[in-house]
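Here the structure is laid out as structure tokens; the discussion comes afterwards.
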Amino acid sequence: MTLRLGDTAPDFEQDTSIGRIRFHEWAGNSWVVLFSHPADFTPVCTTELGLTAKLKDDFDKRNVKAIALSVDPAESHKKWINDIETTQDCVVGFPIIADADKKVANLYDMIHPEQSTTATVRSVFLIDPNKKIRMMLTYPMSTGRNFDEILRVIDALQLTDGYSVATPGNWKPGDDVIIPLSIQNPEEIKKKFPKGYEAPRPYLRITPAPNK
């Protein structure tokens, strides 16, 4: 199944480390970071899930829920969580989907045969409260994810949803932003961007962060 930005994230019902859930119901009105890992009891995945657990406060203040997935069963997840918490000094407070039948992995195209015919690659889906897919990232099995980048994209999307702006390359919260080309009316620009803007080119209009 090919998923694209703006598509509705496929719903599913599946066992997890916290019991059976229906995905859309579990997500509620939150943003969701859905990410896959190749297998339980593996080193890179252990560090990734530890990092995710430590980001709980950062996710909470952004109204984000995290949920992981691998093709191992729920009992394996529960045993592995003990290792994650012990070695990474954290509390795993988010569910891990037990996708032994690969139903969810296939829905989200997480198995890439040139990497593995059975295990998932490191996929990340950022899903908004309307259940729309807003960002997709795919990492190879050998490379751990950059969770600072995932938080940065969440911040950028939440800012651009709240204000009529776009974010430049390497943007971080508090940095200047860009006025989209879709806004051309001078009166509308004055109203939306009272802090003014600089325009080194007519198509490149830079304005201070509207939420500062």
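The values are calculated or read from the model by the stated rules, or taken from the named source; none is laboratory data. Bear in mind the structure is a predicted one, so any value in this text is a computation, not a measurement. Every residue, glycine among them, receives a Cβ derived from its backbone with ideal geometry; neighbour counts consider all protein chains shown.
Points worth noting:
- Residue ranges of helices (runs of 4 or more DSSP H) in region 3-80 with at least 2 members in contact with a Gly (Cβ under 8 Å, 6 or more places away or on another chain) and either of a type in the set (A, V, I, L, M, F, W, C) or crowded, with 16+ Cβ neighbours inside 10 Å (or both): 43-54
- Checked against the criterion of being modelled with pLDDT under 95 and of a type in the set (V, I, T), region 67-76 has at least one qualifying residue.
- Output for region 43-63, where each listed residue is more than 24 Å from D155 (Cα to Cα) and not β-branched (V, I, T): P43, C45
- Of all residues in region 69-97, those satisfying the criterion of being polar (S, T, N, Q) and free of Cβ contacts under 8 Å to residues at least 24 places away in the same chain are N82, T86.
- Qualifying residue in region 131-154 (condition: touching a helix residue (DSSP H, G or I) at 6+ places or on another chain (Cβ under 7 Å), of a type in the set (F, W, Y) and surrounded by 18 or more Cβ atoms within 10 Å (Cβ to Cβ)): yes
- Considering residues of region 180-209 that are part of a strand (DSSP E or B) and charged (D, E, K, R) only, the residue surrounded by the most Cβ atoms within 10 Å (Cβ to Cβ): R205
- Yes/no for A66 being in contact with a strand residue (DSSP E or B) (Cβ under 8 Å, 6 or more places away or on another chain), touching a residue at least 24 places away in the same chain (Cβ under 8 Å) and either under 27 Å from Q158 (Cβ atoms) or among the small types (G, A, S) (or both): yes
- Matching residues in region 88-106 - criterion: being surrounded by fewer than 18 Cβ atoms within 10 Å (Cβ to Cβ), within 17 Å of A39 (Cβ to Cβ) and among the small types (G, A, S): A100
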